[in-house]
Amino acid sequence: MHRVEYQIRQLSGGIMKTGNHPARKRVRSRMIAIMLDITQHENITDIRQLGRAHVHRYWNRNSHLSPATLRDHYYAIEKVWQVLLRRSSAPPNHRA
């Protein structure tokens with residue numbers, strides 16, 4: 001298990017209490033997949049290293065996805081950004 005995946009599982013354990021079980025599982029797996037993609041391409045080893053430039057480059061690499069998928073990915077990145085990393089700002093959007 002990659003360190004980032006471990007961090008997401010540990011940090012999101014008590015936070016993800018709302019929604020039904022399949023929805024929580026989808027969001028958590030989406031958060032892990034996105035962060036593993038970013039760590040692979042951006043060479044970061046810790047979730048706290050995630051920055052705006054990493055997210056912008058993620059959007060550029062995945063601009064071929066459908067609007068609904070991009071929306072779901074944005075919500076997963078937003079949960080990592082605001083809930084797990086406790087940042088007050090919003091993450092970069094895929095439309096910007």
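The values are calculated or read from the model by the stated rules, or taken from the named source; none is laboratory data. Quick caveat, the model's predicted, so the values are computed rather than measured. When we count neighbours, we look across all protein chains shown, and the Cβ atoms used for this are built from the backbone with ideal geometry, even at glycine. Ligands, DNA and RNA are excluded from the accessible area calculation, which covers all protein heavy atoms including side chains. Shrake-Rupley method; radii C 1.70, N 1.55, O 1.52, S 1.80 Å.
May I ask you to list the residues in segment 41-60 that are farther than 23 Å from Ser89 by Cα and either at pLDDT 95 or above or not polar (S, T, N, Q) (or both)? Steps first, please.
Within segment 41-60, the subset farther than 23 Å from Ser89 by Cα is 41, 43.
His41, the sole residue that qualifies.
Condition check: at pLDDT 90 or above, open to solvent by less than 40 Å² (accessible area, probe 1.4 Å), in a helix (DSSP H, G or I) and of a type in the set (Val, Ile, Thr). Does Thr69 satisfy that?
On the way: at pLDDT 90 or above: yes; open to solvent by less than 40 Å² (accessible area, probe 1.4 Å): no; in a helix (DSSP H, G or I): yes; of a type in the set (Val, Ile, Thr): yes.
Here the answer is no, as Thr69 does not meet what is asked.
Table: residues versus (1) open to solvent by 10 Å² or more (accessible area, probe 1.4 Å); (2) under 14 Å from Gln7 (Cβ atoms); (3) under 10 Å from the mean Cα position of the chain (by Cα).
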| site | (1), (2), (3) |
| --- | --- |
| Pro22 | yes, no, no |
| Ser29 | yes, no, yes |
| Met35 | no, yes, yes |
| Thr39 | yes, yes, no |
| Asn43 | yes, no, no |
| Ala53 | yes, no, no |
| Asn62 | yes, no, no |
The lone condition Ile8 fails out of (1) of a type outside the set (Asp, Glu); (2) open to solvent by less than 60 Å² (accessible area, probe 1.4 Å); (3) at pLDDT 90 or above is (3)
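Please determine whether any residue of segment 23-46 is among the hydroxyl-bearing types (Ser, Thr, Tyr), touching a helix residue (DSSP H, G or I) at 6+ places or on another chain (Cβ under 7 Å) and outside any loop (DSSP other than H, G, I, E, B). I'd like the intermediate steps shown before the answer.
So in segment 23-46, the residues among the hydroxyl-bearing types (Ser, Thr, Tyr) come out as 29, 39, 45.
With touching a helix residue (DSSP H, G or I) at 6+ places or on another chain (Cβ under 7 Å) added as a condition, the list becomes 39, 45.
Narrowing further to those that are outside any loop (DSSP other than H, G, I, E, B): 39.
Yes, segment 23-46 contains at least one residue that is among the hydroxyl-bearing types (Ser, Thr, Tyr), touching a helix residue (DSSP H, G or I) at 6+ places or on another chain (Cβ under 7 Å) and outside any loop (DSSP other than H, G, I, E, B).
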Considering only residues that are part of a helix (DSSP H, G or I) and not aliphatic (A, V, I, L, M), look in segment 72-96 and name the one that is surrounded by the fewest Cβ atoms within 10 Å (Cβ to Cβ). Tyr75
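Can you pull out the residues in segment 55-96 that are β-branched (Val, Ile, Thr) and within 16 Å of Ala33 (Cα to Cα)? Full working, then the answer.
Just the residues of segment 55-96 that are β-branched (Val, Ile, Thr), to begin with: 55, 69, 77, 80, 83.
Those that are β-branched (Val, Ile, Thr) and within 16 Å of Ala33 (Cα to Cα): Val55, Thr69, Ile77, Val80.
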